[in-house]
Amino acid sequence: MMKKETNILVVDDNVQVLKAVQMLLALHFGKVSTLADPNRIPYILQAEKPDVVLLDMNFKAGINNGNEGLFWLGEIKKRKPDTEVVLFTAYADIDLAVRGMQEGAFDFVVKPFSNDKLIESLQNACQHIKGGSAVRKRSATEEKENRESRFFWGESPAMERIRLMVDKLSSTDATILITGENGTGKGMLASEIHWQSERCGKPFVAVDMGAISESLCESELFGHVKGAFTDARQDRAGKFEMAHSGTLFLDEIGNLSYAMQAKLLTALQEKRIVRVGGNDPVNIDVRFICATNRHLRDMVAKGQFREDLLYRVNTIDLRIPALRERTQDIAPLATMFAERYGMRYGKPAVRIAENALPLLESYAWPGNIRELEHVMEKAVIMADGDVLGTDDFELERRPSELGPEPLPGTEDMRIEDMERLMIKRAIAKHGGNLSAVAGALGIARQTLYSKIKKYGL
């Protein structure tokens, strides 16, 4: 859906949250209004006619025993049934948010929120209200024919091979493992595979396993029943159930604990799950895609990943090459991003100078496409004219490009110095992916966070 067609209303009594969210959403949606007083919701609904309301669950003035979000959700749906509502909630109120979805909310986003998750949820809500019903009425074949690909295939032979494989996979339910470095577009490729499949009119549910704590992982995937644990006040469906008849995408599957790997394997083999605290099996029908930036076979050899699960998830293995391995795609990607952000920031004539392209193509891009996009966005914003020259691109040489840091003589090195250096090198090697760093060092992520803070890294 085009940016100019979207109208978002954000309701939250925290002024700082409103400012931060408005700045973020203004880059992605046509109109973003904010409201600190929920009592003005009826008036704003009539005056602004928002497509989607991002609604906080709790406000300072108590209504309905503290369930303010549910109260105002009901008021919005009563006055404007076609307006979609995405609930903004804290971890402690997740059960209320699930109840809100049962009462008509489109989705919920947990604070502290991920920018990408928030934008994706609101974009999905906008798409649903603008064309969701029509999409569901069309056949899967019509959906694929009418949808423009959001994935940039590029011109390199490596990407052409992947495209041909995806074409062959589109009519199957084969389980797929997508591998590649951070920022190569693994999530985008998973979404593209879903939209090219026969399940394209059904849910596509993505879960970042690196962002879910181990204690919440089982409930997140399989759901739970009321009373299963403290604060489980309502039954809750997990991601498997939400993705029923569609596609479930598990990103960073290498972060799953060994115990959760066994439960995931059972679910995939038996095609059914049991909610946490429950006894009744629930049949599931999902197309399963997962991704990782880690070397799962090395993890199997180290006893960190189940070999039987690896065989189950990689029926088809798609490796997305790093950007430095397909340099012929850098110029068209950079041009695409320049055009996108030129339109977004009111500079539609912006272009890249010919003498700047070799600079972009010679850079290693350790952050891959994600880094290239951020560099292009900043260049468009900061450039004084419409031509982006070499001085407009900030390309920093990173530790991994400068070579290994000289190692002091062992007689002069303390254990703490050695530990600090090992962590610093691992962070550089893995491009700042702390989950991968923790795995490489053989320590828990929380331990890694503590040591990074300790050493000021």
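The values are calculated or read from the model by the stated rules, or taken from the named source; none is laboratory data. Remember, it's a predicted structure, so these values are computed and weren't measured experimentally. A quick note on method: Cβ atoms are made from the backbone with ideal geometry, for glycine too, and the neighbour counts reach across all protein chains shown. Keep in mind that these areas ignore ligands, DNA and RNA; they rest on the heavy atoms of the full protein, side chains included. Shrake-Rupley method; radii C 1.70, N 1.55, O 1.52, S 1.80 Å.
Of everything in the range 250-296, what is open to solvent by less than 40 Å² (accessible area, probe 1.4 Å) and among the acidic types (Asp, Glu)? Give them in sequence order.
Asp251, Glu252
Condition (residue is β-branched (Val, Ile, Thr) and touching a Lys or Arg at 6+ places or on another chain (Cβ under 8 Å)) applied to the range 266-275: is it met by at least one residue?
no
Return the total of residues in the range 344-378 being surrounded by fewer than 18 Cβ atoms within 10 Å (Cβ to Cβ), under 15 Å from Leu395 (Cβ atoms) and of a type in the set (Ser, Thr, Tyr).
Matching residues across the range 344-378 total 1.
Across the range 4-34, what is the total count of residues that are assigned to a strand (DSSP E or B) and more than 15 Å from Val86 (Cα to Cα)?
Total satisfying the criteria: 1.
For the range 85-101, what are the residues that are modelled with pLDDT of 70 or more and in a helix (DSSP H, G or I)?
Result: Ala97, Arg99, Gly100, Met101.
Are any residues in the range 296-343 of a type in the set (D, E, K, R) and assigned to a loop (DSSP other than H, G, I, E, B), and if so, which ones? Working first, answer last.
Quick first cut of the range 296-343, residues of a type in the set (D, E, K, R) only: 297-298, 302, 306-308, 312, 317, 319, 324-326, 329, 339-340.
Within the range 296-343, Lys302, Arg306, Arg326 qualify.
Would a scan of the range 179-195 turn up a residue that is open to solvent by 10 Å² or more (accessible area, probe 1.4 Å), farther than 30 Å from Gln446 by Cβ and assigned to a loop (DSSP other than H, G, I, E, B)?
Looking for residues that are open to solvent by 10 Å² or more (accessible area, probe 1.4 Å), farther than 30 Å from Gln446 by Cβ and assigned to a loop (DSSP other than H, G, I, E, B), one finds none in the range 179-195, hence no.
Give the residue that is farthest from Val207 (Cα to Cα), with candidates limited to residues of the range 229-284 that are of a type in the set (D, E, K, R) and without any contact (Cβ under 8 Å) to a residue 12 or more places away in the chain.
Asp280
Quick one: how many residues across the range 98-115 are among the aromatic types (Phe, Trp, Tyr) and open to solvent by less than 50 Å² (accessible area, probe 1.4 Å)?
Kept after step one, since they are among the aromatic types (Phe, Trp, Tyr), are these residues of the range 98-115: 106, 108, 113.
From what's left, open to solvent by less than 50 Å² (accessible area, probe 1.4 Å): 108.
Qualifying residue count for the region: 1.
Go over the candidates Arg233, Arg161 one by one and state the one that is surrounded by fewer than 17 Cβ atoms within 10 Å (Cβ to Cβ), of a type in the set (Lys, Arg) and either more than 30 Å from Gly100 (Cβ to Cβ) or under 16 Å from the mean Cα position of the chain (by Cα) (or both).
Arg161
Are there any pairs, at least 6 apart or on different chains, whose C-beta atoms fall under 9 Å, with the first in the range 42-53 and in a helix (DSSP H, G or I) and the second of a type in the set (Asp, Glu), and if so, which?
Pro42/Glu75; Leu45/Glu75
Of all residues in the range 26-44, which are open to solvent by less than 50 Å² (accessible area, probe 1.4 Å) and of a type in the set (S, T, N, Q)?
Within the range 26-44, Ser33 is the sole residue that qualifies.
Would the range 388-395 turn up any residue that is open to solvent by less than 70 Å² (accessible area, probe 1.4 Å), modelled with pLDDT under 90, within 21 Å of Tyr455 (Cβ to Cβ) and in a loop (DSSP other than H, G, I, E, B)?
No, the range 388-395 contains no residue that is open to solvent by less than 70 Å² (accessible area, probe 1.4 Å), modelled with pLDDT under 90, within 21 Å of Tyr455 (Cβ to Cβ) and in a loop (DSSP other than H, G, I, E, B).
I'm trying to understand the selection: among the residues of the range 298-343, which are surrounded by fewer than 19 Cβ atoms within 10 Å (Cβ to Cβ), hydroxyl-bearing (Ser, Thr, Tyr), under 17 Å from Glu371 (Cα atoms) and in contact (Cβ under 8 Å) with a residue 24 or more places away in the chain?
Thr327
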